[in-house]
Amino acid sequence: MINGVSQNGQSVGLSGTNGPVSGTYRILTATNLAAPAASWLPVQTNVFGTNGEFNTNVPANATNPAAFFRLSVP
């Protein structure tokens, strides 16, 4: 679950909890929230921490009017 969002210069900071310990996650992005899940693009793959938490930065594209993020646990 994503429960923290911040802007850090030219990146977006995302953090969350309740993931599977040491499990893999992907951050997906789209400019249209209503876009089908299959069209969301992966921007990062990483692993949850020892308590199921994550804290990461993903690039922000200033030319996009909006960006939406989704956490995917394969």
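The values are calculated or read from the model by the stated rules, or taken from the named source; none is laboratory data. Just so it is clear, the model here is predicted, and its values are computed rather than measured. In this analysis, Cβ positions are derived from the backbone assuming ideal geometry, glycine residues included, and neighbour counts consider all displayed protein chains. For accessibility, only protein heavy atoms count, side chains too; no ligands or nucleic acids. Shrake-Rupley method; radii C 1.70, N 1.55, O 1.52, S 1.80 Å.
Listed values, structure above:
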item	result
Residue in region 44-68 that is farthest from GLY4 (Cα to Cα), counting only those that are aliphatic (A, V, I, L, M) and at pLDDT below 95	ALA62
Selected residue (only one of SER6, SER11, SER15 is out of contact with any helix residue (DSSP H, G or I) (no Cβ under 8 Å at 6 or more places or on another chain), more than 17 Å from PRO74 (Cβ to Cβ) and at pLDDT 95 or above)	SER15
Residues of region 13-30 satisfying the condition of being assigned to a loop (DSSP other than H, G, I, E, B) and touching a strand residue (DSSP E or B) at 6+ places or on another chain (Cβ under 8 Å)	THR17, GLY19, SER22, GLY23
Residue match in region 30-40 (condition: at positive phi, hydroxyl-bearing (Ser, Thr, Tyr) and open to solvent by less than 90 Å² (accessible area, probe 1.4 Å))	no
Residues that are free of Cβ contacts under 8 Å to residues at least 24 places away in the same chain and β-branched (Val, Ile, Thr), drawn from region 56-74	THR63
Members of region 41-68 found to be open to solvent by less than 60 Å² (accessible area, probe 1.4 Å) and either part of a loop (DSSP other than H, G, I, E, B) or in contact with a Leu (Cβ under 6 Å, 6 or more places away or on another chain) (or both), listed by number	PHE48, GLY49, GLY52, THR56, ALA60, ALA66, ALA67
Candidate set from region 10-22 (those that are farther than 10 Å from PHE54 by Cβ and touching a residue at least 40 places away in the same chain (Cβ under 8 Å)); member that is surrounded by the most Cβ atoms within 10 Å (Cβ to Cβ)	VAL12
